[in-house]
Amino acid sequence: MSDQGRLLLSRRDLLKYGGLTAATAAAVGFGPRLVGTILQPGRALAADRAPDLKLVGTDGWITLPSNPQISSSAYGVVHPDSYAPAPYTDYIFGFANATGLRDDEQFNLKNQAQHSAPMFWAKENQEFRVQLTNVGLAQRPDLFDAHTVHWHGFKNVIPFFDGEPTGSVSVPQGQTFTYVYVSKDPGTYMFHCHVEDVEHVHMGMTGLVFVRPAQDGTSQTYQGSTFTRFAYNDGDGSTGFHREFAMFLSEVWAEAHWADAHIQLPEWSDYHADFALLNGRVYPDTLAPSGGSIDPFNVQRDANYELIAPAGRPDLKNQPISSLVTCMEGESVLLRFANLGFKEAGMTLTGIKLRVVGRDATRLRGRDNTDSTYATNTISLGAGESFDAIFKAPAYQGPGPYDTYALYNRTYTRVDNLGGGGGQRTEVRVYPTSAALPAQQIPNQTV
Ligand SMILES: [Cu+2]
């Protein structure tokens, strides 16, 4: 067995985790007789080390442009949803970040899912633990759907932690399960719940995750710039960057969201995207600042355990991740794209060349070390694909405090959102060096 395997799970650990889940699943299925059995393994787990990240699976509400109103032939007006509490418009299933909360506090996050899901990252070779608690759906007390975390495309997951519910375990309502990963293969990924996955993914149980390379923290000079952070273990600084921004693509078909809120069954073969989202928002909301905390390991919440809304935008409380890109001239900027909508997207940056350095968490470098990176203005990415691209910010031209470059999905219907404005569109703002922007502390942090 490799070191990695030993680190992950001894045979005894496997029985411990497996026994707990099997017992809880059995208890839900066959009645209270096994309840005493369930409680015993909890003491064994209490001695285990704390998880790096705590997620809950639940439901919630988000805000999308109310104009135009959207109707369906089956249900009439489905957007804005008449059940949506002000100031929200649409119902979601999703994850909320419970990191820093005690296990008993997590149930306060019921009906407080965010979209997209909390973005997080691990460092290469780190043993990384994600604890998932299923706190139930406030709007749908009739449902008892299980949830999972499926780290899409991650090659080093043993089947037990895969999250695909017919091949591994899922987390019933009221229960907790801890996923254990050893983070290999730096790059950009996505994760999602894999239970009833057409529905749970589309409803919002999906987000972006990435692995930082072991090379981080070393110093490499490439084309005159010195870097300490990198997309990959390049050995020469060619994937170094000063700032990084994740761009997670997803979609909302309003009728399906309405149907789930109103105890109706969506007919998924009728699918069409009404809204195309970047980090859970549509333009121009993509430019609004991030919420009070997008640091997944240091979440800020108010006294009611709710997220701190972006400044001036209480309606975006549950959509905390800004897509605005800010940088200074001459800086190298990493864009991490991942698409878990159902449609192909063509993300275009006007006026600045992107250099694609990675695809599906694989560095673009041949086995004989041939450089297979390429320059482009447009990245086409289908469902389940990810790309890492770096651009070097051009010289500031002015006038004004910054130069603006558009970053958008060139597929017209997905930029435009039915003629009502919005879509997968944001801006890159290039400031002069004299602006002396502070260094970025976490991804997607803007000035
Ligand atoms: Cu789920």
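Okay, residues lined up against (1) within 16 Å of the ligand (Cβ to nearest atom); (2) of a type in the set (Ser, Thr, Tyr); (3) part of a strand (DSSP E or B):
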site: VAL198; (1), (2), (3): yes, no, no
site: HIS202; (1), (2), (3): yes, no, no
site: GLY207; (1), (2), (3): yes, no, yes
site: VAL211; (1), (2), (3): no, no, yes
site: GLY217; (1), (2), (3): no, no, no
site: THR226; (1), (2), (3): no, yes, yes
site: GLY235; (1), (2), (3): no, no, no
site: LEU249; (1), (2), (3): no, no, yes
site: ALA256; (1), (2), (3): yes, no, no
* To do: For residues that are within 16 Å of the ligand (Cβ to nearest atom) and open to solvent by 10 Å² or more (accessible area, probe 1.4 Å), scanning just the range 72-113, find the one that is nearest to ASN279 (Cα to Cα).
  => GLN112
* **Selection status of PHE275, of a type in the set (Phe, Trp, Tyr) and at pLDDT 95 or above** => no
* Taking only pairs six or more apart or across chains, which ones have beta-carbon atoms under 6 Å, a first residue in the range 203-218 that is at positive phi, and a second residue that is open to solvent by less than 10 Å² (accessible area, probe 1.4 Å) and within 13 Å of the ligand (Cβ to nearest atom)? -> GLY204/ILE92; GLY204/PHE93; GLY204/GLY94
* Please tell me if HIS194 is within 11 Å of the ligand (Cβ to nearest atom), in a helix (DSSP H, G or I), at pLDDT 95 or above and over 20 Å from LEU334 (Cβ atoms). => no
* Within the bounds of the range 134-145, is there any residue that is open to solvent by 20 Å² or more (accessible area, probe 1.4 Å) and assigned to a strand (DSSP E or B)? -> no
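Which residues, counting only those in the range 120-150, are among the β-branched types (Val, Ile, Thr) and near the ligand (Cβ under 10 Å from one of its atoms)?
Once the filter is applied, which keeps residues that are among the β-branched types (Val, Ile, Thr) and near the ligand (Cβ under 10 Å from one of its atoms), the range 120-150 yields THR148, VAL149.
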* Residues that are away from the ligand (no atom under 16 Å from the Cβ) and within 16 Å of the chain's Cα centre (by Cα), drawn from the range 151-191 -> GLY153, PHE154, GLY187, THR188, TYR189
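The values are calculated or read from the model by the stated rules, or taken from the named source; none is laboratory data. On a predicted model such as this, the values are computed, not experimentally measured, just so you know. No Cβ is skipped: glycine too gets one built from the backbone with ideal geometry, and neighbour counts run over all protein chains shown. The accessibility values were calculated without ligands, DNA or RNA, using every heavy atom of the protein model including side chains. Shrake-Rupley method; radii C 1.70, N 1.55, O 1.52, S 1.80 Å.
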